[in-house]
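The values are calculated or read from the model by the stated rules, or taken from the named source; none is laboratory data. Just so you know, these numbers come straight off a predicted model, no measurement behind them. A quick note on method: Cβ atoms are made from the backbone with ideal geometry, for glycine too, and the neighbour counts reach across all protein chains shown. Remember, those area values only see protein heavy atoms, side chains included, never the ligands or the DNA or RNA. Shrake-Rupley method; radii C 1.70, N 1.55, O 1.52, S 1.80 Å.
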Amino acid sequence: RCKDWKIFGGLITGARIRPDAKTEAEEMKALFATHPEYFPLVNGKRVLMRGYEQPCTSNPEVGRIMAEHAVMFSSRLAESNEFLIMNDDGTTWCECEACQALDPPDEKSKNYRSTRYWTLLNRIFKDVLDEYPSIQAFGLAYQNFQTVPSGVKIDERINVGLSFNRRCFRHNLDDPKCLA
């Protein structure tokens with residue numbers, strides 16, 4: 001987490017389906033109780049995000065809320081105009097039918113989520129950049145969304161950072177259950 005938000009803005013996907021990350025646990029529980037459909041379906045069950053799962057990015061309301069919060073956050077970037085959006089730090093993405101439909105077969109076979117991630121960022125940054133065109137928008141090619149998305153053109157106003165991190169640090173390297 002950055003020490004001075006005036007220098008650099010940041011937005012983690014799950015954090016932005018709620019407006020205030022300071023009261024994370026209680027807000028997430030309340031949101032989950034009223035809108036479990038915003039949260040990822042993992043192994044057939046909607047789960048409360050613990051910091052390494054991504055929300056249900058195919059849910060139009062999730063995209064709308066995240067875009068609304070990103071616009072609100074952008075209005076606070078007075079001295080700097082750099083803004084990065086990345087995932088919650090993990091490779092678990094929603095497994096609902098609508099989310100899986102966003103993943104091209106080649107990405108599915110490799111457990112990649114590039115198309116899903118960039119579809120979401122295009123949605124969020126469209127609203128931000130329409131209202132604040134001087135924002136320097138950044139996405140990150142990271143973890144299981146490092147590859148070029150299929151069938152989605154990344155908005156030319158979004159800068160792409162590349163992080164060569166295709167290893168999961170939550171499991172042993174030889175753990176057969178780890179999909180990374």
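Of the set (1) assigned to a loop (DSSP other than H, G, I, E, B); (2) open to solvent by 60 Å² or more (accessible area, probe 1.4 Å), all apply to L102 but (2).
Inspection of the stretch 151-161 finds no residue satisfying the criterion of being in a loop (DSSP other than H, G, I, E, B), in contact with a Cys (Cβ under 7 Å, 6 or more places away or on another chain), at pLDDT below 90 and among the small types (G, A, S).
A residue that is part of a loop (DSSP other than H, G, I, E, B), crowded, with 23+ Cβ neighbours inside 10 Å and basic (K, R) can be found somewhere in the stretch 111-133.
For the stretch 140-150, filtered to residues that are touching a helix residue (DSSP H, G or I) at 6+ places or on another chain (Cβ under 8 Å) and in a loop (DSSP other than H, G, I, E, B), the residue that is surrounded by the most Cβ atoms within 10 Å (Cβ to Cβ) is P149.
For the stretch 163-171, state whether one or more residues are surrounded by 15 or more Cβ atoms within 10 Å (Cβ to Cβ) and at pLDDT 85 or above. No, because not a single residue in the stretch 163-171 is surrounded by 15 or more Cβ atoms within 10 Å (Cβ to Cβ) and at pLDDT 85 or above. Inspection of the stretch 113-131 finds a residue satisfying the criterion of being farther than 22 Å from E68 by Cα and modelled with pLDDT under 95. Taken over the stretch 38-94, the criterion of being in a helix (DSSP H, G or I) and among the aromatic types (F, W, Y) is satisfied by Y38, F73.
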